Amino acid sequence: MLFGRIFTRALHSTRQLYAGAGGTGGLEKSALAALRKKTGYTFANCKKALEKHNNDVGLAEKWLHEQAQTLGWSKATKVADRATAQGLIGVLIRGNRGAMVELNCETDFVARNDTFKRFVDHVACMCLHYTDLTDFDGDLWKLGFDADALKNLRTEEGRTLGDHLALLIGAIGENATIRRALCFKANNDLKLVGYAHPAPTNVGTTEGITQVGKYGAIVAYRSDHKLLDFEFHKSICQQIVGMKPTKIGEYDKDKPAENKDDETCLIHQEYLLDADKTVGEALQEHNCEIVDYHRFECGEQTERSLEAIIRSQHQSSN
């Protein structure tokens, strides 16, 4: 197990899936409107909940969530064996902390659904919050979560991510899984940048925003520049997403491949934004050094666990 006793709280929670109990009473019409606005449940279900609890919005809301949880777990059990080949990668960077997660579902239609995207954001925020609970002395800290570890993470109200996943399955009507996550935390002069593809156009910054797509990358880098060169660092993430380097590479140890299309060292790859340069030359022009990176592809088959990958990368960088 990758974690001990962890306390987290749900951030960026959605109205339908994560609303907390509370509310005030009043006339039935206003109570019904308040309950529907707060929970997102149907008119019929909200009306039934108020009738069962003498128009008490707080009790009605609690009952609705309990019913949704029961139905969600029931649905999750029924569809548990269905394949989840679609899904999304979520990438979230806030200052010196970063999280990259993969969630899967059955169909691309659901992967494009706002409810599913909000849940990706919810999982990424929980993972990022976990990094806030960790102190370390080095320059870069990384921790991988497998599916079981993620489902057992607890939110502030006491539920686990597995509980919230059951609610999601009940809402979307098909199987879904939380597959994996990777957390980064940088110290001293290291910085983080992240990217998910395909990315929205005309976006000036992605700081504090969960990006979603079929591919993702997080990069830890060191630069002499005080300000983040957003477009350049995004291009390095795009390079990693598109060209799948297996390592950063070292100038005095790794020689360029004879066929540039077979190049697996990042620094020797042809720079996607300028074919006359290598990535290494572009990095030198921007006084930038890549210290570490990781790439996720939705649905990819991984031969090694995240723990083994992190361990091998750490050893190769020493």
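The values are calculated or read from the model by the stated rules, or taken from the named source; none is laboratory data. Nothing here was measured: the structure is a model prediction, and the numbers come from that model. Neighbour counts run over all protein chains shown; Cβ positions are idealised from the backbone, glycine included.
Please pick out the residue among GLY242, GLY204, GLY216 that is surrounded by fewer than 18 Cβ atoms within 10 Å (Cβ to Cβ), at pLDDT 95 or above and either part of a strand (DSSP E or B) or within 27 Å of the chain's Cα centre (by Cα) (or both).
That would be GLY242, the only listed residue that is surrounded by fewer than 18 Cβ atoms within 10 Å (Cβ to Cβ), at pLDDT 95 or above and either part of a strand (DSSP E or B) or within 27 Å of the chain's Cα centre (by Cα) (or both).
Hey, does the range 256-277 have a residue that's at pLDDT 95 or above, in contact with a Ser or Thr (Cβ under 9 Å, 6 or more places away or on another chain), assigned to a helix (DSSP H, G or I) and more than 30 Å from GLY87 (Cα to Cα)?
Yes.
Report whether or not ILE209 is surrounded by 14 or more Cβ atoms within 10 Å (Cβ to Cβ), assigned to a loop (DSSP other than H, G, I, E, B) and either among the polar types (S, T, N, Q) or modelled with pLDDT under 95 (or both).
Spelling it out, ILE209 is indeed surrounded by 14 or more Cβ atoms within 10 Å (Cβ to Cβ), assigned to a loop (DSSP other than H, G, I, E, B) and either among the polar types (S, T, N, Q) or modelled with pLDDT under 95 (or both).
Say whether the condition of being surrounded by 13 or more Cβ atoms within 10 Å (Cβ to Cβ), at pLDDT 95 or above, over 27 Å from the mean Cα position of the chain (by Cα) and assigned to a loop (DSSP other than H, G, I, E, B) is met by at least one residue in the range 285-293.
The answer is no; no qualifying residue exists.
Check the range 123-134 and report whether any residue there is modelled with pLDDT of 95 or more, assigned to a strand (DSSP E or B) and of a type in the set (A, V, I, L, M, F, W, C).
No - not one qualifying residue is present in the range 123-134.
Looking at this structure, is LEU50 closer than 22 Å to MET126 by Cβ, in contact with a helix residue (DSSP H, G or I) (Cβ under 6 Å, 6 or more places away or on another chain) and surrounded by 18 or more Cβ atoms within 10 Å (Cβ to Cβ)?
Taking the combined requirement at face value, the residue does not satisfy it.
Filter the range 36-69 for residues that are within 26 Å of the chain's Cα centre (by Cα), in a helix (DSSP H, G or I) and free of Cβ contacts under 8 Å to residues at least 60 places away in the same chain and give the result.
Listed by number, the residues that qualify are LYS38, THR39, HIS65.
Can you tell me which residue in the range 140-170 is surrounded by the most Cβ atoms within 10 Å (Cβ to Cβ), limited to those that are more than 17 Å from CYS183 (Cα to Cα) and acidic (Asp, Glu)?
It comes out as ASP163.
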